[in-house]
Amino acid sequence: MQPLSSQLILAERLTLAVLITGVISLALSDFVSPVYWSLLMLLAMLRFLRGPGFSLSEMQASFIGWAGFIWVGIELALGRAWIVAFTDFLLILAMAVVIESPTPRNHLHRMLVGMFLVLGAAVLTDSVLYIFPLAAFVWFVWRASQCLYGMNVTGGALPMTEWRAEARLMPWIGALVLALFITLPRFDFQTYLKPTQPKKVTSGFSNAVDLGDFARELDPTVMMRVEPVSGDIESFRRLMIGRYWRGTSLSIYNGNGWQQQSSSADRVWQRGENVDFSTGKGQQIAIYREASDHPYVMLPDGVSGILGASEAMKMDEAGSLRFIRAPTRRIRMIMEIEAARAVLSGMALPTDVELSRSSVPVAVSRWAVLTTVGASSPEQQIEMLVNEMLGWSYDLNASIDADRPVGSFLNSRRGHCELYATLLTLSLRSLGIPARVVNGYFGGEWNEVGGFYLIRQQHAHSWVEAWVEGDWRRFDSTPASRWQLSGVSFRAVDEVWESIKLSWYRYILEFQNSDRGELFQKAVQLLKRYLVVVMAALFVIALVWISFRRGVMRGVFQRREWPIVDRWLEKHGVKRLVHQPLCSLPLPEGIDAAAWCFFVAAWEQQLYGSDRRWSRWEIRRHLRALSKNHC
Amino acid sequence: MAYNHADLRLPPWLLRLLDWMVRIELPVSTGWRIGVTRPGALYLSALTGVWMAAFYSGNNLLYLCGSMLFSLVAVALFRGVQLLRRTPQLDSAMPEYVEAGRQEILQGRVSLLTDDSASVDMKWHAGDSMLTGQLRLAERGVLTGRYFSEVRGCARFSRQELSTSFPLGLWRIIHFKKEERELFVMPKAVPWSDALGELRRFEQGDEWYGLREYVLGDALSRVHWRKITSVDSGWTVKRFDRSDPQDQQRMLRVDLRLPKGLGEEPFEKLLGKAWYWFLEQLPHLKDGDLLILGEISFNLGDAQQRAAAIEALASSEPGSSAPIGSGGILLSLMDSD
C-alpha cells in the first residue's frame, strides 16, 4: 500500500464530514428509513474513530454499490416511489464510499454523494432543521476543497489556513446567499420537485365516520397555521378568535356513524382560479395547510373566497370543499374573511335525508320532546335542547356502546363532541327540523411570539347545522369545558419553535416572486420607522470601522501585538501597512540599526517561530529599550 | 507528495472534456483572465445541475442550496482576485545578477503578511527568456523560482503573469501585470583561482608579523583565538605579511579588444575570468580597488560604481582601445606588444 499524502490524511475527516452532513440532512426526511441512515452513521463513526485503517478496497466497496443498485431495482419493482428509491440507493452508495480506501477518487466521491444527499433532502424534507446540515455542508465543502484542491501545489503542500481566518468570510457568504435567494426569479414550471412531507394521519374527514373515531384525542399535531396577509396583528387576532373551520358535512346516519350524501352538482375550480362564495370582501389571511390524508379544505366562518386556488378543487351541495387530489405537500392559501361569522353561503336546500327520522332511536325522540315542552318555535326548541346539553359532562374517555352509541350517551350524559352533535342532530330531526353534522375545527391556539393562529388536531370538533327560517344555521351543544383541555407540553418553548417554523415556511419554502416587492416595501417601512436607530447603528459601525482601520481596536480582532508596535513606529516616522512584516520596513528614525535588526529577529522568532509569545508588557519593554538605543 | 489530479482516474472522455474546459481562459477585464481547474469544472457542472433543478421546480430549498454553493465559488473567486491584487512587487526578492548558461534557482522573501495559505505561480517574461516562480504564502511569503539564459546581457523583465487557484482550487485566475525590472546576466565565471592562490601563498609565507582588527571577510583561520579574552573583546587577526593584502590596492585591467578571426567564445571567457576575479575580491573590496574595462574605470569600493561595473560586465562588447592605466593584473586576448 502506498503511503498516503498529507492532503489525503487531512482531507479524510473533512470529506467524511461532508458526507455525514448530507446523511443528516436526508435523515430529517420522514421518507427515509432510519435503518439506512443509522447504519451509515455507524460506519461513518467507526471510520472517523479508526481512520483509514478501517477500509475496504475499491473493488470490495464497488460490490456494495452494485448490491445497492440491485436492491433499489427490487424496491422500484415493488412499487416504491422513485425519489425514495433513489435516495435509498444514494445512502447505500454512501456506505460504500464511507469505508472505501482513502484515495483522491474516494474523496471526490464523498463530496459528490454528499451533495446529492443534500439535494435529495431538499426535495424530501421541509424541516427548518435542514438549514443546519446545509450550512455545515457548505463549510466542510469549503475546507475539504481547500485541502484537496487548493493547498496541493507543486513543491509540497501548504498548511491549511486557520479556520478562524476562514470564518471571517462566512458573514459575506451569508449575505451573498440572502441576496441571491431573494433576487433570483422563480419559474414554477412544475411541482414535482417541491419539498414534500408525509401526510398527517387524521380521522373523521372522510365520506363515512364511525362514532368515536373523531376528535377523541388531544393530538397536538399542527394541521394549519393562519396569519394575516396585511393589517395589524391585534385586529387579526380579534377577527379570528373563536371561528369554526368547516370541513365535511355528514347527513346520513346509519345507527353507528355518519355518511356523506352524494352530490349531483359539484362546483369545480381549476388551479389558479379564484374561488368565490359571496360578493363580500374581507381581510386577507394566509393559511398554511399541512399535507394530510384527506382532501378537504377547512373554511372558516365568514369566508368570502379563496384567491388563486393552489390546486384544482370542487365543492358539493352540502358545502364541503375538497381538493380533487389530496396535496402531498404543504399548501399556502390566501382567503378573504369577513367580520360577520355567517355560515357558508350558497349551500343547497335541505334534502330528505337531512330530515329522515328512520334511524333516530325512540329514546332520543322521547327525550327531545320532553326537553322541548313549552317551546313555541323551532328556534326555542333548539335553544332548549342546546342549553340542556351544555350542562352535561365533557369526557373524551367515556366508553361508547357500539350497539346503541347515542342511547348510552343519553343515559350517561358523558361523552365527546361527536356524540353531542349526533344527539342534537337526531333530536332536531325527530322534531321535524332538517339538520346534519359538520366535522371541522374550532378556535385554535394564538401564538404570541409569531402573532398567528395554530390549528392543531386537538382542535377537531363536531357541531350541527340546522335549517331554520330558510337558512342553514350552526348550533354547538358541546360543553365549554372541552376547550380547557390541551395536549401541548412546554407551551412557551412550543410557541417559539412554531414561530420559527412558520417563518421558515413563510420566508424560505413559500417565497415567491410576488414576495420580493412586499419584502422591499417592508424593508422601506422598517427603515422609515427605525431611521434614527439605523443611522445611529451606522454611525457606531463607522466609528468602529475607523478605529479598526487606525489600529486602535485591531488588537481586539486581530493580533494584539501589532497596534503597540504600529504606534511606536509612527512615533519614529514609519507607517506600516497591515500586511507588512517588520523586516520589510525602513529603519525607524533615531534607532540604532544593529539594535533594530536584533529586535526584528527576536520579534519574528516569538511571533512565527518557537519562542514564547511576548505579552503586551514585554512588547512595551522591548520597545522602550529600543528607543534608548539611539544611534 | 503533492496531490495529483490524475489520481481521480476519471473516464477518458470525461478527462478530455475537462481538459477542454480547463483550456478555456475567459478575458474578464484588462489584464485579467479566468479559467477553471478540473475540480472546478466538475463543481460548476454540478452547480449548473442544481440551478436547473431549482429553476425548473421552483423548490426554494434548491434555490437555497444553489445560492450557498454559488456563493462558495463566488467568494473563492473574489478571494483569488484579492490575493493577486495584493501580491506585492516581487523585485525585492530577485537577485541582482545571475550567470549565463546556468539554471539559477532564486529564493527570496516577499513583504506580505497574511493569515492565508496560498500559492501564486509567476511567469515573468524578458524577451525570449522567462523567469518562472512560485510565491508561497504561509504566514510569510517566500518566492522560489528559476531562470535560465544562454546569453549574457541585461534581461529586461516587463510583463508579469501571476496565476493562482487559491483558495479552493476551483478557479484559475490569471493576472497580467506590468512590472519592470532589470536583471544582469553575467558571463559564466571562468576560475583561474590556482594562479591567484599561488600568488597569495607566495606573498604571505608562514610567519606572521603582527595583529590587526578583524574585518568582515577575513578568514576564520587567521583569527588569533588566544587573544580573545571575553565575548565583548574584539577579534584580532594575524598579519602574515608586512604588506597585508587588505592594505594592497587591487586592480584588474581587462582589454576588450578582440583580435580578428577570433569568435565570441574567447571574448566570453575573458569576461568570465574578469567576473571570477570580481567575485573573488568581493568580500575584501575597499575604496581604491579598480576594475578597468577598456577605457572605463570603476572604483569597486564605491557601491554605485560597483553596481555600474556589474552592469558594464554584463553588457560589454568588444572594443577597439587598449585598457587605460597601468599595473595590476591585465586580462587580454591580444598578443603582447
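Just a few scattered comments:
- Relative contact order of the range B:12-186, pairs being alpha-carbon contacts under 8 Å that are 6 or more residues apart, as %: 24
- Across peptide A:87-95, the average count of Cβ atoms from other chains found within 10 Å of a residue's Cβ is 0.
- Set of the range A:465-480 residues, backbone N closer than 15 Å to the point 7 Å along the Cα-Cβ line of A:E379: A:466-475
- Packing-based ranking of A:167-173, A:410-416 yields A:410-416, A:167-173, ordered from highest to lowest mean Cβ neighbour count within 10 Å.
- Cβ-Cβ FRET estimate between A:I83 and A:T279, R0 fixed at 45 Å, reported to 0.05: 0.55
- Lys/Arg +1, Asp/Glu -1 at C-beta; the range B:12-186 dipole; positive extreme among B:L62, B:Q160, B:G141: B:L62
- Rounded to the nearest 10 square angstrom, B:R181 shows an accessible area of 50 square angstrom against a 1.4 Å probe.
- A Förster radius of 60 Å, combined with the Cβ-Cβ distance separating B:L333 from A:K628, puts the computed FRET efficiency at roughly 0.50.
- Paramagnetic reach from A:L218 (point 7 Å along Cα→Cβ, amide N under 17 Å) across the range A:478-512: A:479-495
- Residues B:E280 and A:D30, FRET efficiency given R0 of 60 Å [Cβ-Cβ distance, rounded to 0.05]: 0.10
- Nearest-10 value in Å² for the accessible area of B:I296, using the 1.4 Å probe: 90
- Close amide H pairs (under 5 Å, H built 1.01 Å from N) link A:I591 with A:C631, residues at least 5 positions away or on another chain.
- Charge dipole (debye, nearest 20) of chain A; +1 at Cβ of Lys and Arg, -1 at Cβ of Asp and Glu: 2880
- Coupling constants for the range A:494-503 follow from the phi torsions by the Karplus curve (6.51 cos²θ - 1.76 cosθ + 1.60, θ = phi - 60°), and in residue order they are 4, 4, 5, 5, 5, 5, 4, 5, 5, 4 Hz; glycine and proline get x.
- Inter-probe distance in nm under a simple model that places probes 7 Å from Cα toward Cβ, at A:V533 and B:W235: 7.2
- Cα→Cβ-extended label distance, 7 Å offset, between A:A326 and A:R50, nm: 4.6
- Simple point charges give the picture: +1 on the Cβ of Lys and Arg, -1 on the Cβ of Asp and Glu, and for the range A:336-481 a dipole about the Cα centre of about 440 debye.
- Under the Karplus curve 6.51 cos²θ - 1.76 cosθ + 1.60, θ = phi - 60°, whole-Hz ³J(HN,Hα) for the range A:387-395, x wherever Gly or Pro sits: 4, 5, 6, 4, x, 7, 9, 8, 8
- Relative packing of B:169-176, A:536-543, A:91-98, which averages over residues the other C-beta atoms within 10 Å, highest first: A:91-98, B:169-176, A:536-543
- The range A:565-576 - phi-based ³J(HN,Hα) in whole Hz, Karplus 6.51/-1.76/1.60, Gly and Pro as x: 5, 4, 5, 5, 5, 4, 5, 9, x, 10, 9, 9
- Paramagnetic reach from A:V449 (point 7 Å along Cα→Cβ, amide N under 19 Å) across the range A:475-517: A:487-509
- Multiplying the residue separation of A:A339 and A:A67 by 0.36 nm and subtracting their alpha-carbon distance yields 91.7 nm.
- Shielding score for A:502-510, defined as the mean number of other chain Cβ atoms within 10 Å: 1
- Cα-based equivalent ellipsoid of the range B:12-186: semi-axis lengths in Å, sorted from largest, via gyration tensor: 38, 17, 12
- Mean per-residue shielding of peptide B:49-59 is 6, counting Cβ atoms of other chains within 10 Å of each Cβ.
- From most to least packed by mean Cβ count within 10 Å, the peptides A:433-439, A:463-469 give A:433-439, A:463-469.
- Taking every alpha-carbon pair under 8 Å whose residues sit at least 6 apart, chain A reaches a relative contact order of 11 percent.
- Helix A:58-77 vs. chain A, principal-axis angle (Cα, 0 to 90°, nearest 10): 20
- Only Lys, Arg (+1) and Asp, Glu (-1) charged, at Cβ; the range B:1-98 dipole about Cα centre in debye: 200
- With contacts taken as Cα pairs under 8 Å at a separation of at least 6 residues, the range A:274-370 carries a relative contact order of 35 percent.
- Under the simplified labelling scheme, the A:E604-B:K188 pair shows an inter-label distance of 3.5 nm, with each label point 7 Å from Cα along Cα→Cβ.
- Between helix A:362-371 and chain A: long-axis angle, C-alpha atoms, 0 to 90°, nearest 10: 90
The values are calculated or read from the model by the stated rules, or taken from the named source; none is laboratory data. Treat the numbers as computed from the prediction; the structure is a model and nothing was measured. Cβ sites come from the backbone with ideal geometry, for glycine too, and all protein chains shown count toward neighbours. Ligands, DNA and RNA are stripped out before the accessible areas are found, and what is left, the full protein with its side chains, is counted by its heavy atoms. Shrake-Rupley method; radii C 1.70, N 1.55, O 1.52, S 1.80 Å.
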